[in-house]
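Working notes for the structure below.
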Amino acid sequence: MLSYQHAYHAGNLADVHKHSLLAWMLDYLTQKDKALSYLETHAGRGLYDLTDPAAVKTGEAAKGIAMAESWFTPDHPYTRVLGRIRAKYGTDAYPGSPIVAAECLRVIDSIQLSELHPQEYAALATYMAPYGGVFRQRDGFGMALSVCPPDPRRGLMLIDPSFEVKTDYEMIPPLLAKVHRKWGVGILVLWYPLLTDSPHLPMLRALQGTFPDALRHEVGFPPARPGHRMVGSGLFVVNPPYGLAEEAQRLSTLFDTKLKQN
Ligand code: SAM
């Protein structure tokens with residue numbers, strides 16, 4: 001039973017963290033004249049309306065992208081994607097990760113996405129149609145194993161579960177190890193929430209045991225409303241692209257300094 005819907009959370013500070021680093025990585029990777037594969041296991045609907053009652057109800061975008069977009073320079077890849085999406089869909093539109101990726105990629109690159117929720121999948125297929133690619137309404141963890149190694153081999157996989165199923169925390173470390181065995185050169189990007197009771201810590205210990213050279217980057221932020229359990233956002237990147245550690249450090253500084261000013 002799937003109850004999580006990203007429309008309630010689109011454009012929050014976790015999305016700012018995840019999407020700005022995703023745009024940076026894909027912008028960097030597309031500077032080389034060689035095709036790449038973009039794979040995403042938990043795609044969501046691809047495009048969000050920040051005036052939708054779901055977004056207004058939580059107010060997460062108002063405390064997220066509405067405040068944070070001024071943190072980024074006009075030439076940052078994330079700013080450029082936001083500008084193009086607003087020009088196409090209006091000022092209240094916000095891109096999910098598949099559209100952030102599609103806007104950064106070139107015609108020589110390939111896209112494969114999974115989304116299990118029927119309505120989210122239908123919306124995703126509509127919004128992604130202009131970009132092309134392969135979209136599947138299927139379990140993303142199964143997709144991660146079955147499509148690797150992709151063609152072209154050079155590429156990045158985003159794994160962005162909602163962690164509704166608590167066993168996700170236990171099954172992700174062995175899954176990433178299997179994916180890495182099949183696709184050693186792939187950049188694997190796992191997002192996870194920082195919750196007040198820290199259920200991510202055993203998962204991170206296992207991941208760091210298997211991938212000692214991976215990049216772990218976390219930002220903290222105030223809960224979106226009193227009693228909300230999410231107090232930060234984390235990314236674990238296997239085979240991090242050159243320069244990602246420095247870009248992540250710049251983002252940490254922005255989160256630390258700008259959130260203090262608010
Ligand atoms: N990656 C999206 C973004 O940043 O715009 C947000 C994705 S949201 C956090 C997680 C999505 O995973 C939800 O849309 C949910 O319906 C979907 N989902 C949940 N379980 C899944 C599964 N086993 N396989 C594929 N999708 C799943």
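The values are calculated or read from the model by the stated rules, or taken from the named source; none is laboratory data. Computed from a prediction, not measured in an experiment: that's the story for all the values here. Using ideal geometry, Cβ is built from the backbone for each residue, glycine included, and neighbour counts are taken over all protein chains shown. Each accessible area value is taken on the protein alone, full model and side chains, heavy atoms only, with ligands, DNA and RNA left out. Shrake-Rupley method; radii C 1.70, N 1.55, O 1.52, S 1.80 Å.
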If the Cβ limit is 8 Å and pairs must be 6+ apart or interchain, which residue in region 194-216 that is among the hydroxyl-bearing types (Ser, Thr, Tyr) pairs with which residue that is modelled with pLDDT of 95 or more? 196/231; 210/173; 210/176; 210/177; 210/180
Please state which of the following conditions residue 4 fails to meet, knowing it meets all the rest: (1) open to solvent by 40 Å² or more (accessible area, probe 1.4 Å); (2) under 19 Å from residue 246 (Cα atoms). (2)
Return the total of residues in region 116-133 being open to solvent by 60 Å² or more (accessible area, probe 1.4 Å), over 14 Å from residue 97 (Cα atoms) and part of a loop (DSSP other than H, G, I, E, B). 3
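Of the residues that sit in region 7-35 and are small (Gly, Ala, Ser) and within 12 Å of the ligand (Cβ to nearest atom), which one is most open to solvent (accessible area, probe 1.4 Å)?
Here the residue is 7.
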Where in region 29-113 are there strands (runs of 3 or more DSSP E), lying fully within it, with 2 or more residues that are among the basic types (Lys, Arg) and closer than 25 Å to residue 187 by Cβ? none
Need the failing condition index for residue 220 against (1) within 18 Å of the chain's Cα centre (by Cα); (2) within 16 Å of the ligand (Cβ to nearest atom); (3) surrounded by fewer than 16 Cβ atoms within 10 Å (Cβ to Cβ), just the number. (2)
Exactly one of (1) buried (at least 24 other Cβ atoms within 10 Å of the Cβ); (2) under 26 Å from residue 252 (Cα atoms); (3) of a type outside the set (Lys, Arg) is unmet by residue 67. Its number? (1)
Checking residue 230 against (1) closer than 24 Å to residue 58 by Cβ; (2) out of contact with any Pro (no Cβ under 7 Å at 6 or more places or on another chain), only one condition comes out false. Which one? (2)
Tally time: how many residues in region 127-180 are over 15 Å from residue 44 (Cβ atoms), among the aliphatic types (A, V, I, L, M) and touching a strand residue (DSSP E or B) at 6+ places or on another chain (Cβ under 7 Å)? 8
On the given criteria, is residue 113 surrounded by 20 or more Cβ atoms within 10 Å (Cβ to Cβ) and either within 13 Å of the ligand (Cβ to nearest atom) or charged (D, E, K, R) (or both)? yes
Out of all the residues in region 134-189, which are within 19 Å of the chain's Cα centre (by Cα), over 22 Å from residue 108 (Cα atoms) and not in a helix (DSSP H, G or I)? 137, 138, 139, 159, 160, 161, 162, 163, 164, 165
With surrounded by fewer than 18 Cβ atoms within 10 Å (Cβ to Cβ) and within 13 Å of the ligand (Cβ to nearest atom) as the only criterion, which of 49, 75, 139 stands out? 139
Which pairs do you get when a residue that is over 16 Å from residue 138 (Cβ atoms) and in contact (Cβ under 8 Å) with a residue 12 or more places away in the chain, found in region 161-173, comes within reach of a residue that is of a type in the set (Gly, Ala, Ser) and more than 8 Å from the ligand (Cβ to nearest atom), reach meaning Cβ atoms under 7 angstrom, with the pair 6+ apart or on two chains? 164/3; 173/206
